[in-house]
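Trainee: This is the structure I want to talk about, given as structure tokens.
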Amino acid sequence: MADRIPPKLPATRSAGHVYLDVPYAEKNAAKALGARWDPAVKRWVDPRPPTAGLERWAARPPVPELLPGEDRAFGAGLFVDMVPSSCWFTNVRTCVSPQDWERLRRMITGRAGQRCEICGAGEDRRLRRRLEAHERWAYDDRSGVQALRRLICLCSDCHLSTHLGYANVTGRAEQALAHLRAVTGMTEAQAWRHAEEAGDAWTARSAQLWTLDLSMLTDAGVSVSRVEEAADRRDAARSSLLLVVHPPQVSSARKAPATAGGASLPDGKPPAVPNVSPRTSGKGEADR
């Protein structure tokens, strides 16, 4: 899909309003203090600046639409893109502040024209389809460096297909593969073969620890402050996976199932590989 770059929005102010960088998790707190949502630009604003309490979300300059060293043709199309096990649940969002993530998310969706860069779908709350950010990584086997090369806007359906291991462990592998086939035109056999090849690549990459290169962000003025050492990330990833497969029980009335998608964790440890072959009926490992 050709890149569609909309006009730049003002960095901090428009028509008497002051724009804010409000993370999604903090939107209710900002709203309670007087912030208002502007649907035209999909952004929170201070309608009567300065409003006491809203200064914590004061907008910073926009992130450049092309990040330093970013290759927007890298990793084109829809394909299964499983990250090594040492990097499960480690992504750009977990490595930057909530405010910086909001700046990045807004840039990523804005430059894509509020459309998925693969299938062209827009956000649709009725269908529970969202727009999400996904990272494309380049792997240097000799140096053990996993370098960020592109940030891409995906709809939640394309994102699920991309992270087939996660779809698998949450019981949605068939849904993810069906969307993969619909977008790419693959036959069922071709989709399974593609998934198995992606699993083989994941197994090989997961045999070593990777060092993350996020210079594409730091060179754009985004602070990266929470990148753990590779060995620590592997342990943290396994702990996070346990929470996905065995969610905390909120209440007896709404008790979560013991497993998701039938995946089992013998001795409290996740299985070693993301098994996504037809023989497993959707049981296996998560890639994120």
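The values are calculated or read from the model by the stated rules, or taken from the named source; none is laboratory data. None of these values were measured; they are calculated from a predicted model. No Cβ is skipped: glycine too gets one built from the backbone with ideal geometry, and neighbour counts run over all protein chains shown. For accessibility, only protein heavy atoms count, side chains too; no ligands or nucleic acids. Shrake-Rupley method; radii C 1.70, N 1.55, O 1.52, S 1.80 Å.
Trainee: Cβ neighbours within 10 Å, averaged per peptide: list 54-61, 155-162, 131-138 in order, most packed at the top.
Mentor: 155-162, 131-138, 54-61
Trainee: Let me ask something else about it. Quick one: grab the alpha carbon gyration tensor of segment 148-191, order the square roots of its eigenvalues as a ≥ b ≥ c, and give me rounded if a/c is under 1.5, else prolate or oblate depending on whether a/b is larger than b/c.
Mentor: oblate
Trainee: For segment 102-179, rounded, prolate or oblate, judged on the Cα gyration tensor with a ≥ b ≥ c (square roots of eigenvalues), a/c < 1.5 rounded, else prolate if a/b > b/c?
Mentor: Oblate shape, in that a/c is at least 1.5 and b/c is the bigger or equal ratio.
Trainee: Averaged over every viewing direction, what's the projected area of the C-alpha convex hull for segment 65-113? Give it in nm², one decimal, please.
Mentor: Averaging across all directions leaves 4.5 nm² for the Cα convex hull.
Trainee: How compact and how long is segment 54-172, expressed as Rg and Dmax of its alpha-carbon atoms in Å?
Mentor: Cα-based Rg and Dmax for segment 54-172 come out at 15.1, 48 Å.
Trainee: What net charge is computed for the residues neighbouring S215, neighbours being all others with C-beta under 14 Å from the C-beta of S215, Lys and Arg scored +1, Asp and Glu -1?
Mentor: -4
Trainee: How would D141, D46 line up by accessible area, probe 1.4 Å, largest first?
Mentor: On the way: D141 105, D46 10 Å².
Greatest to least solvent exposure: D141, D46.
Trainee: Which three numbers, in whole Å and largest first, are the semi-axes of the equivalent ellipsoid of segment 88-140 derived from its Cα gyration tensor as √(5λ)?
Mentor: Semi-axes, largest first: 21, 15, 12 Å.
Trainee: Multiplying the sequence separation of Q114 and K42 by 0.36 nm and subtracting their Cα-Cα distance, what value in nm do you get?
Mentor: Going from the current span to full extension adds 24.9 nm.
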